Amino acid sequence: MSYAHALVLGLVQGLTEFLPVSSSGHLILVPHVFGWPDQGLAVDAALHLGTLAALLAYFRSEIFALFSGALDRRLGVIIVLATIPGAVAGLVFGKHVETNFRAPLLIAGTTALWALVMLLADRHARPAPPPRRTHPNPGDRPDDPLEHVGWAQGIVVGIAQTLALVPGTSRSGITITTGLFAGLDRATAARYAFLLGIPITAGAGMKEALHLIRAGERVGDTGPILVALLVSFLAGWFAVWFLVNYLKRRSLLPFIIYRLALAAVIVAVWYR
(Lines give C-alpha, C1' and ligand atoms only; values in the text may rest on other atoms or scores of the structure.)
Protein backbone atom coordinates (compact mmCIF):
# COMPACT_ATOMS: atom_id res chain seq x y z
CA MET A 1 0.00 0.00 0.00
CA SER A 2 1.39 3.39 -1.00
CA TYR A 3 1.44 6.51 1.17
CA ALA A 4 -1.14 8.12 -1.12
CA HIS A 5 -3.41 5.09 -0.64
CA ALA A 6 -2.98 5.30 3.13
CA LEU A 7 -3.69 9.04 3.14
CA VAL A 8 -6.92 8.72 1.17
CA LEU A 9 -8.19 5.76 3.18
CA GLY A 10 -7.43 7.53 6.46
CA LEU A 11 -9.28 10.65 5.35
CA VAL A 12 -12.28 8.75 4.03
CA GLN A 13 -12.57 6.49 7.07
CA GLY A 14 -12.01 9.25 9.62
CA LEU A 15 -14.53 11.64 8.10
CA THR A 16 -17.26 9.24 7.02
CA GLU A 17 -17.13 7.07 10.15
CA PHE A 18 -18.56 9.96 12.17
CA LEU A 19 -20.38 12.18 9.70
CA PRO A 20 -23.84 10.70 8.96
CA VAL A 21 -23.05 9.97 5.32
CA SER A 22 -22.23 6.20 5.24
CA SER A 23 -18.57 5.15 5.40
CA SER A 24 -19.25 1.98 3.40
CA GLY A 25 -20.73 4.01 0.56
CA HIS A 26 -17.50 5.96 0.28
CA LEU A 27 -15.09 3.08 0.84
CA ILE A 28 -16.71 1.09 -1.96
CA LEU A 29 -16.01 3.98 -4.35
CA VAL A 30 -12.35 4.56 -3.38
CA PRO A 31 -10.82 1.45 -5.05
CA HIS A 32 -12.98 1.99 -8.13
CA VAL A 33 -12.06 5.65 -8.53
CA PHE A 34 -8.32 5.19 -7.95
CA GLY A 35 -7.89 1.66 -9.30
CA TRP A 36 -6.48 0.37 -6.00
CA PRO A 37 -6.76 -3.17 -4.62
CA ASP A 38 -8.50 -3.95 -1.34
CA GLN A 39 -6.40 -2.61 1.53
CA GLY A 40 -6.73 -5.73 3.70
CA LEU A 41 -7.56 -6.36 7.35
CA ALA A 42 -4.36 -4.82 8.72
CA VAL A 43 -5.32 -1.37 7.44
CA ASP A 44 -8.92 -1.84 8.60
CA ALA A 45 -7.66 -2.53 12.12
CA ALA A 46 -5.40 0.54 12.03
CA LEU A 47 -8.25 2.73 10.81
CA HIS A 48 -10.52 1.53 13.61
CA LEU A 49 -7.76 2.20 16.12
CA GLY A 50 -7.38 5.73 14.76
CA THR A 51 -11.09 6.54 14.94
CA LEU A 52 -11.31 5.04 18.43
CA ALA A 53 -8.45 7.28 19.55
CA ALA A 54 -10.29 10.26 18.05
CA LEU A 55 -13.41 9.51 20.10
CA LEU A 56 -11.40 9.02 23.29
CA ALA A 57 -9.50 12.26 22.72
CA TYR A 58 -12.56 14.36 21.97
CA PHE A 59 -14.69 12.97 24.81
CA ARG A 60 -11.90 12.69 27.37
CA SER A 61 -13.63 15.23 29.68
CA GLU A 62 -16.96 13.40 29.58
CA ILE A 63 -15.28 10.03 30.13
CA PHE A 64 -13.32 11.37 33.10
CA ALA A 65 -16.49 12.99 34.47
CA LEU A 66 -18.35 9.67 34.23
CA PHE A 67 -15.69 7.82 36.19
CA SER A 68 -15.22 10.61 38.74
CA GLY A 69 -18.93 11.10 39.35
CA ALA A 70 -18.96 14.69 38.09
CA LEU A 71 -21.29 13.44 35.34
CA ASP A 72 -24.27 11.33 36.38
CA ARG A 73 -23.06 7.71 36.43
CA ARG A 74 -26.55 6.67 35.35
CA LEU A 75 -25.47 7.76 31.87
CA GLY A 76 -22.59 5.29 31.97
CA VAL A 77 -24.96 2.47 32.87
CA ILE A 78 -27.28 3.46 30.02
CA ILE A 79 -24.36 3.40 27.57
CA VAL A 80 -23.27 -0.06 28.75
CA LEU A 81 -26.79 -1.48 28.41
CA ALA A 82 -27.36 0.24 25.07
CA THR A 83 -24.15 -1.28 23.70
CA ILE A 84 -25.33 -4.86 24.27
CA PRO A 85 -27.77 -5.13 21.31
CA GLY A 86 -25.18 -3.91 18.81
CA ALA A 87 -22.47 -6.13 20.24
CA VAL A 88 -24.68 -9.23 20.12
CA ALA A 89 -25.87 -8.44 16.60
CA GLY A 90 -22.28 -7.97 15.45
CA LEU A 91 -21.18 -11.32 16.89
CA VAL A 92 -24.17 -13.22 15.50
CA PHE A 93 -24.71 -11.57 12.13
CA GLY A 94 -21.48 -9.67 11.42
CA LYS A 95 -19.78 -12.29 9.25
CA HIS A 96 -22.98 -13.02 7.32
CA VAL A 97 -23.51 -9.34 6.58
CA GLU A 98 -19.87 -8.85 5.50
CA THR A 99 -20.23 -11.77 3.08
CA ASN A 100 -23.69 -11.19 1.63
CA PHE A 101 -24.55 -7.49 1.96
CA ARG A 102 -21.80 -5.79 -0.05
CA ALA A 103 -23.63 -5.23 -3.36
CA PRO A 104 -23.26 -1.63 -4.58
CA LEU A 105 -26.98 -1.38 -5.41
CA LEU A 106 -27.89 -2.42 -1.86
CA ILE A 107 -25.51 0.18 -0.40
CA ALA A 108 -26.97 2.85 -2.67
CA GLY A 109 -30.50 1.88 -1.64
CA THR A 110 -29.84 1.93 2.09
CA THR A 111 -27.90 5.20 1.78
CA ALA A 112 -30.91 6.85 0.11
CA LEU A 113 -33.54 5.18 2.32
CA TRP A 114 -31.99 6.30 5.59
CA ALA A 115 -31.46 9.77 4.17
CA LEU A 116 -35.24 10.09 3.85
CA VAL A 117 -35.79 8.74 7.36
CA MET A 118 -33.18 11.21 8.64
CA LEU A 119 -35.08 14.02 6.89
CA LEU A 120 -38.27 13.06 8.72
CA ALA A 121 -36.48 12.93 12.07
CA ASP A 122 -34.69 16.22 11.45
CA ARG A 123 -37.95 18.03 10.72
CA HIS A 124 -39.28 17.00 14.14
CA ALA A 125 -36.06 17.66 16.08
CA ARG A 126 -36.37 19.54 19.34
CA PRO A 127 -34.45 22.80 19.80
CA ALA A 128 -31.41 22.73 22.05
CA PRO A 129 -32.47 23.20 25.70
CA PRO A 130 -31.26 26.25 27.66
CA PRO A 131 -28.52 25.53 30.24
CA ARG A 132 -29.91 24.26 33.54
CA ARG A 133 -28.24 23.86 36.89
CA THR A 134 -28.20 20.62 38.82
CA HIS A 135 -28.23 22.60 42.07
CA PRO A 136 -29.66 26.04 42.80
CA ASN A 137 -26.41 27.57 44.13
CA PRO A 138 -25.06 30.28 41.80
CA GLY A 139 -21.57 28.77 41.81
CA ASP A 140 -22.70 25.34 40.60
CA ARG A 141 -21.93 24.42 37.01
CA PRO A 142 -24.75 24.13 34.47
CA ASP A 143 -25.67 20.49 34.09
CA ASP A 144 -24.79 18.67 30.90
CA PRO A 145 -27.71 17.88 28.52
CA LEU A 146 -26.33 14.33 28.38
CA GLU A 147 -27.47 13.91 31.99
CA HIS A 148 -31.06 14.19 30.79
CA VAL A 149 -30.86 11.27 28.34
CA GLY A 150 -33.54 8.92 29.66
CA TRP A 151 -33.35 5.16 30.01
CA ALA A 152 -35.79 4.54 27.17
CA GLN A 153 -34.11 7.12 24.94
CA GLY A 154 -30.65 5.68 25.51
CA ILE A 155 -31.67 2.05 25.05
CA VAL A 156 -33.69 2.61 21.88
CA VAL A 157 -30.70 4.36 20.29
CA GLY A 158 -28.60 1.32 21.23
CA ILE A 159 -31.12 -1.02 19.60
CA ALA A 160 -31.10 1.11 16.45
CA GLN A 161 -27.31 0.79 16.37
CA THR A 162 -27.76 -2.84 15.29
CA LEU A 163 -29.03 -1.58 11.92
CA ALA A 164 -25.60 -0.06 11.26
CA LEU A 165 -24.39 -3.57 10.38
CA VAL A 166 -26.09 -3.13 7.03
CA PRO A 167 -23.72 -1.21 4.71
CA GLY A 168 -24.98 2.21 3.67
CA THR A 169 -26.87 2.80 6.91
CA SER A 170 -24.15 4.77 8.77
CA ARG A 171 -23.77 4.10 12.48
CA SER A 172 -23.70 7.77 13.39
CA GLY A 173 -26.57 8.45 11.01
CA ILE A 174 -28.94 5.83 12.42
CA THR A 175 -28.12 6.58 16.05
CA ILE A 176 -28.50 10.36 15.66
CA THR A 177 -31.73 9.85 13.71
CA THR A 178 -33.15 7.57 16.41
CA GLY A 179 -32.08 10.03 19.09
CA LEU A 180 -34.07 12.76 17.33
CA PHE A 181 -37.14 10.53 17.10
CA ALA A 182 -36.71 9.77 20.82
CA GLY A 183 -36.88 13.46 21.72
CA LEU A 184 -33.23 14.52 21.98
CA ASP A 185 -32.03 17.75 20.43
CA ARG A 186 -29.57 17.48 17.54
CA ALA A 187 -26.33 18.23 19.42
CA THR A 188 -27.20 15.96 22.37
CA ALA A 189 -28.24 13.16 20.02
CA ALA A 190 -24.86 13.44 18.26
CA ARG A 191 -22.84 13.51 21.49
CA TYR A 192 -24.70 10.53 22.91
CA ALA A 193 -24.34 8.64 19.61
CA PHE A 194 -20.58 9.19 19.64
CA LEU A 195 -20.17 8.17 23.28
CA LEU A 196 -22.21 5.06 22.52
CA GLY A 197 -19.87 4.39 19.59
CA ILE A 198 -16.77 4.09 21.77
CA PRO A 199 -17.38 0.49 22.96
CA ILE A 200 -18.52 -0.64 19.50
CA THR A 201 -15.54 0.94 17.75
CA ALA A 202 -13.19 -0.61 20.31
CA GLY A 203 -14.84 -4.00 19.85
CA ALA A 204 -14.58 -3.83 16.06
CA GLY A 205 -10.89 -2.96 16.26
CA MET A 206 -10.17 -5.77 18.72
CA LYS A 207 -12.07 -8.26 16.58
CA GLU A 208 -10.06 -7.40 13.49
CA ALA A 209 -6.80 -7.43 15.44
CA LEU A 210 -7.56 -10.92 16.83
CA HIS A 211 -8.41 -12.13 13.34
CA LEU A 212 -5.04 -10.86 12.12
CA ILE A 213 -3.20 -12.64 14.93
CA ARG A 214 -5.00 -15.94 14.38
CA ALA A 215 -4.52 -15.81 10.61
CA GLY A 216 -0.87 -14.79 10.94
CA GLU A 217 -1.44 -12.04 8.40
CA ARG A 218 1.44 -9.69 7.74
CA VAL A 219 0.83 -6.07 8.65
CA GLY A 220 2.88 -4.85 5.69
CA ASP A 221 4.96 -1.68 5.48
CA THR A 222 4.92 0.17 8.79
CA GLY A 223 5.12 3.63 7.24
CA PRO A 224 1.81 3.61 5.30
CA ILE A 225 0.03 1.89 8.20
CA LEU A 226 1.15 4.65 10.57
CA VAL A 227 0.04 7.29 8.07
CA ALA A 228 -3.39 5.65 7.80
CA LEU A 229 -3.61 5.52 11.60
CA LEU A 230 -2.62 9.16 12.09
CA VAL A 231 -4.82 10.52 9.33
CA SER A 232 -7.87 8.55 10.47
CA PHE A 233 -7.32 9.93 13.99
CA LEU A 234 -7.01 13.55 12.85
CA ALA A 235 -9.88 13.32 10.35
CA GLY A 236 -12.07 11.52 12.90
CA TRP A 237 -11.42 14.09 15.62
CA PHE A 238 -12.23 16.91 13.21
CA ALA A 239 -15.44 15.18 12.06
CA VAL A 240 -16.70 14.75 15.63
CA TRP A 241 -15.79 18.32 16.60
CA PHE A 242 -17.40 19.72 13.47
CA LEU A 243 -20.66 17.77 13.69
CA VAL A 244 -21.29 18.37 17.40
CA ASN A 245 -20.75 22.11 17.02
CA TYR A 246 -22.58 22.32 13.70
CA LEU A 247 -25.71 20.65 15.08
CA LYS A 248 -25.97 23.11 17.97
CA ARG A 249 -27.48 25.62 15.54
CA ARG A 250 -28.11 23.89 12.22
CA SER A 251 -30.01 20.96 10.73
CA LEU A 252 -28.97 17.71 9.07
CA LEU A 253 -30.31 18.79 5.67
CA PRO A 254 -26.88 19.13 3.94
CA PHE A 255 -25.98 15.58 4.94
CA ILE A 256 -29.36 14.31 3.74
CA ILE A 257 -28.84 15.90 0.33
CA TYR A 258 -25.28 14.55 0.22
CA ARG A 259 -26.46 10.99 0.97
CA LEU A 260 -29.02 11.13 -1.83
CA ALA A 261 -26.36 12.40 -4.23
CA LEU A 262 -23.93 9.68 -3.09
CA ALA A 263 -26.54 6.99 -3.74
CA ALA A 264 -27.07 8.37 -7.23
CA VAL A 265 -23.32 8.36 -7.91
CA ILE A 266 -22.95 4.74 -6.77
CA VAL A 267 -25.78 3.66 -9.07
CA ALA A 268 -24.35 5.66 -11.97
CA VAL A 269 -20.82 4.26 -11.53
CA TRP A 270 -21.81 0.60 -11.20
CA TYR A 271 -24.82 0.39 -13.52
CA ARG A 272 -23.97 2.74 -16.37
- Residue pairs meeting the criteria (Cβ under 9 Å; at least 6 apart or on separate chains; first closer than 20 Å to residue 56 by Cα, in the stretch 12-37; second of a type in the set (Asp, Glu)): 13/44; 23/17
- Write out, first by first residue and then by second, each pair whose Cβ atoms fall under 8 Å of each other, whose residues are 6+ apart or on separate chains, and whose first residue, in the stretch 148-160, is closer than 13 Å to residue 189 by Cβ while the second is of a type in the set (Phe, Trp, Tyr) and surrounded by 23 or more Cβ atoms within 10 Å (Cβ to Cβ). 149/192; 154/192; 157/192
- Query: With (1) surrounded by fewer than 21 Cβ atoms within 10 Å (Cβ to Cβ); (2) of a type outside the set (Ser, Thr, Tyr); (3) touching a residue at least 24 places away in the same chain (Cβ under 8 Å) as the list, and residue 47 as the residue in question, which single condition is left unmet?
  - Reply: (1)
- Task: Taking only the stretch 120-148 into account, find how many residues are modelled with pLDDT of 70 or more and closer than 20 Å to residue 195 by Cβ.
- Result: 11
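Is it true that residue 214 is modelled with pLDDT under 95 and of a type in the set (Lys, Arg)? Walk me through it before giving the result.
Values: modelled with pLDDT under 95: yes; of a type in the set (Lys, Arg): yes.
The answer is yes for residue 214.
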- Item | Residue tally, condition modelled with pLDDT under 90 and more than 26 Å from residue 177 (Cβ to Cβ), over the stretch 8-55 | 17
- Taking only the stretch 246-263 into account, find how many residues are without any contact (Cβ under 8 Å) to a residue 40 or more places away in the chain and within 18 Å of the chain's Cα centre (by Cα). 2
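Here's the yes/no breakdown for (1) more than 20 Å from residue 166 (Cα to Cα); (2) among the β-branched types (Val, Ile, Thr):
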{"site": "2", "(1), (2)": "yes, no"}
{"site": "10", "(1), (2)": "yes, no"}
{"site": "17", "(1), (2)": "no, no"}
{"site": "43", "(1), (2)": "yes, yes"}
{"site": "71", "(1), (2)": "yes, no"}
{"site": "91", "(1), (2)": "no, no"}
{"site": "115", "(1), (2)": "no, no"}
- Query: Does any residue of the stretch 198-207 turn out to be in contact with a Leu (Cβ under 8 Å, 6 or more places away or on another chain), at pLDDT 90 or above, assigned to a helix (DSSP H, G or I) and under 22 Å from residue 61 (Cα atoms)?
  - Reply: yes
- Item | Candidate set from the stretch 88-113 (those that are in contact with a helix residue (DSSP H, G or I) (Cβ under 7 Å, 6 or more places away or on another chain) and surrounded by 18 or more Cβ atoms within 10 Å (Cβ to Cβ)); member that is farthest from residue 168 (Cα to Cα) | 90
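The values are calculated or read from the model by the stated rules, or taken from the named source; none is laboratory data. Everything numeric in this text was worked out from a predicted model, so none of it was measured. All Cβ positions, even for glycine, are placed from backbone atoms using ideal geometry, and neighbour counts span all protein chains on display.
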